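Beneath this line is the structure, given in structure tokens, with notes to follow.
The values are calculated or read from the model by the stated rules, or taken from the named source; none is laboratory data. These figures come from a predicted structure and were not determined experimentally. Please note: Cβ atoms are built from the backbone with ideal geometry, for glycine as well, and neighbour counts cover all protein chains shown.
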Amino acid sequence: MAVANTTIIQKMINELNEAKDQDNNTEELVKHIRHVRLLCDLFLEDSAKDQVRAKVNGISPLEMKAMLGDNDAKLHRPSKPSSGNEHDEANGDSIFDF
């Protein structure tokens, strides 16, 4: 379940206000600043995932053509040249023909 960005920002503001009120208590101040940092990381992580999704879905037709090749081009496999020794007794393609 995704949390709205405005909700995260509002919680950050609340934590900053709490930290501002605790300027004489260093332990409480650090606790609220850590909460703000956690909320910042949450916000940045969500933003980074959105950017990755945009990059994945943003493949242009030219990029697709470059990755997959031209659809009109057929896969050409060169035919295997015949060795000329097509008899049952020796010199075939197998390593066991001797």
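Condition first: of a type in the set (A, V, I, L, M), modelled with pLDDT of 90 or more and assigned to a helix (DSSP H, G or I). Can you find one or more residues in region 39-49 that meet it? Yes, region 39-49 contains a residue that is of a type in the set (A, V, I, L, M), modelled with pLDDT of 90 or more and assigned to a helix (DSSP H, G or I). Write out, first by first residue and then by second, each pair whose Cβ atoms fall under 8 Å of each other, whose residues are 6+ apart or on separate chains, and whose first residue, in region 1-29, is within 17 Å of residue 45 (Cα to Cα) while the second is surrounded by fewer than 12 Cβ atoms within 10 Å (Cβ to Cβ) and hydroxyl-bearing (Ser, Thr, Tyr). Listed pairs, sorted by first residue: none to list.
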